[in-house]
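In what follows, a structure is listed as C-alpha cells, so that the remarks can point back to it.
The values are calculated or read from the model by the stated rules, or taken from the named source; none is laboratory data. Not measured: the values here are computed from a predicted model. Here the Cβ positions follow ideal geometry from the backbone for every residue, glycine too, while neighbour counts run over all protein chains shown.
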Amino acid sequence: MDFLEQVVLSELRRITWFAERYEEEFVKIVLDSALRDMEKTGRNRQKELDSLLARDQELDSLFERIYEDSLSARITEERFARMSQRYESEQAELKSKIGSLRKEISKHNRHNCTTDEFLAVVRKYIHMKELTHDILCEFIDHIVVHHAENIKGERIQKIEIFYNCVGAFEAPKLDELPRPQIQLNTRKGVAISYSPTGTAANF
C-alpha cells in the first residue's frame, strides 16, 4: 500500500470511528460547516451561470440592434461585419462556458446527499481493514494534494479529502480518537510521516 492509500485509509477509519461514537456531534459539525460550504459553492456556481446567461441574452439584443443599424445605413457594412464577428465569437465562448457550468452544477446536485446517507455508508464499513475501489467510490468525492512547502525546516504537504455528502471534514481532537501510525522510508536519511491535521512531512 502506498503512502496516499495509507493516509486515506487512516482518515476513513478516524471519521467512521468518530461518526459511529459521536453521531449527534458529527451531524452538528457537518451541518454547521461542510454542508454550508457545499451550499455556498452551489450558490456561487448558479450565480455565475445566471450572469453568463444574462450576457448571452444581451449579446442577442446587441446583434439585433447593429443589424437594424446596418439595414438603415446608420453603420457601414464593414463596421457591422467587425462587430457581428466580435459578438459571435464572445457568444460561442459563452455557450461553451454555460455548458460546462451546467454540467458542474448537475454533478454538484447529484453529490449533495444527506448526512443520513453518509452515516449509512459509515455503518456499512465501520470495521474496514483495507481500502477497496467500492469503499473509495462510496466515501470519497475527490482528494486534493497541495504543493509542498518548506515550513520551519520541514517540507510540509497538505492533503485534503472531500467526502461524498459532507465535503471536507476533520474530526475534533479527542484523546481516544485513533491516531494514524504512518511512516514511509523513501531513501537513506529521508522518511515521510503523516499527521492527522492533513499534512505530510519529509524529515
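For residue 55, are the conditions met, namely being over 30 Å from residue 105 (Cβ atoms) and either surrounded by fewer than 13 Cβ atoms within 10 Å (Cβ to Cβ) or at pLDDT 90 or above (or both)? Working first, answer last.
Details: over 30 Å from residue 105 (Cβ atoms): no; either surrounded by fewer than 13 Cβ atoms within 10 Å (Cβ to Cβ) or at pLDDT 90 or above (or both): yes.
For residue 55, the condition - over 30 Å from residue 105 (Cβ atoms) and either surrounded by fewer than 13 Cβ atoms within 10 Å (Cβ to Cβ) or at pLDDT 90 or above (or both) - is not met.
Taking the condition of being outside any loop (DSSP other than H, G, I, E, B) and either in contact with a His (Cβ under 8 Å, 6 or more places away or on another chain) or under 23 Å from residue 21 (Cα atoms) (or both), how many residues in region 112-159 meet it? Spell out how you get there, then give the answer.
We begin by selecting, within region 112-159, every residue outside any loop (DSSP other than H, G, I, E, B); these are 115-124, 133-145, 149-151, 154-159.
Checking which are either in contact with a His (Cβ under 8 Å, 6 or more places away or on another chain) or under 23 Å from residue 21 (Cα atoms) (or both) leaves us with 115-124, 135-136, 138-141, 157-159.
Of the residues in region 112-159, 19 are outside any loop (DSSP other than H, G, I, E, B) and either in contact with a His (Cβ under 8 Å, 6 or more places away or on another chain) or under 23 Å from residue 21 (Cα atoms) (or both).
Report, ordered by the first and then the second residue, all pairs with beta carbons closer than 8 Å, sequence separation of six or more or different chains, a first member in region 82-109 that is in contact (Cβ under 8 Å) with a residue 24 or more places away in the chain and surrounded by 14 or more Cβ atoms within 10 Å (Cβ to Cβ), and a second member that is assigned to a helix (DSSP H, G or I) and among the small types (Gly, Ala, Ser).
105/42; 108/42
Any residue at all in region 27-50 that is surrounded by 15 or more Cβ atoms within 10 Å (Cβ to Cβ), among the hydrophobic types (A, V, I, L, M, F, W, C) and modelled with pLDDT of 85 or more?
Yes - at least one qualifying residue is present in region 27-50.
State whether one or more residues within region 43-63 are out of contact with any Lys or Arg (no Cβ under 7 Å at 6 or more places or on another chain) and in contact (Cβ under 8 Å) with a residue 60 or more places away in the chain.
Yes: region 43-63 contains one or more residues that are out of contact with any Lys or Arg (no Cβ under 7 Å at 6 or more places or on another chain) and in contact (Cβ under 8 Å) with a residue 60 or more places away in the chain.
Quick test for you: out of 97, 107, pick the one residue that is more than 26 Å from residue 9 (Cβ to Cβ), part of a helix (DSSP H, G or I) and of a type in the set (Lys, Arg).
97
Which of the numbered conditions does residue 191 fail, given that it passes all the others? Conditions: (1) closer than 22 Å to residue 9 by Cβ; (2) outside any loop (DSSP other than H, G, I, E, B); (3) in contact with a helix residue (DSSP H, G or I) (Cβ under 8 Å, 6 or more places away or on another chain); (4) at pLDDT below 85.
Among (1) closer than 22 Å to residue 9 by Cβ; (2) outside any loop (DSSP other than H, G, I, E, B); (3) in contact with a helix residue (DSSP H, G or I) (Cβ under 8 Å, 6 or more places away or on another chain); (4) at pLDDT below 85, residue 191 violates only (3).
When you scan region 129-158, how many residues do you find that are out of contact with any helix residue (DSSP H, G or I) (no Cβ under 6 Å at 6 or more places or on another chain), of a type in the set (A, V, I, L, M, F, W, C), more than 18 Å from residue 107 (Cα to Cα) and surrounded by 14 or more Cβ atoms within 10 Å (Cβ to Cβ)?
The total comes to 3.
Within the set of pairs 6 or more residues apart or between chains, which connect a residue that is crowded, with 19+ Cβ neighbours inside 10 Å inside region 1-23 to a residue that is basic (Lys, Arg) and outside any helix (DSSP H, G or I) with Cβ atoms less than 6 Å apart?
Once the first residue is crowded, with 19+ Cβ neighbours inside 10 Å and sits in region 1-23, no partner that is basic (Lys, Arg) and outside any helix (DSSP H, G or I) comes close enough.
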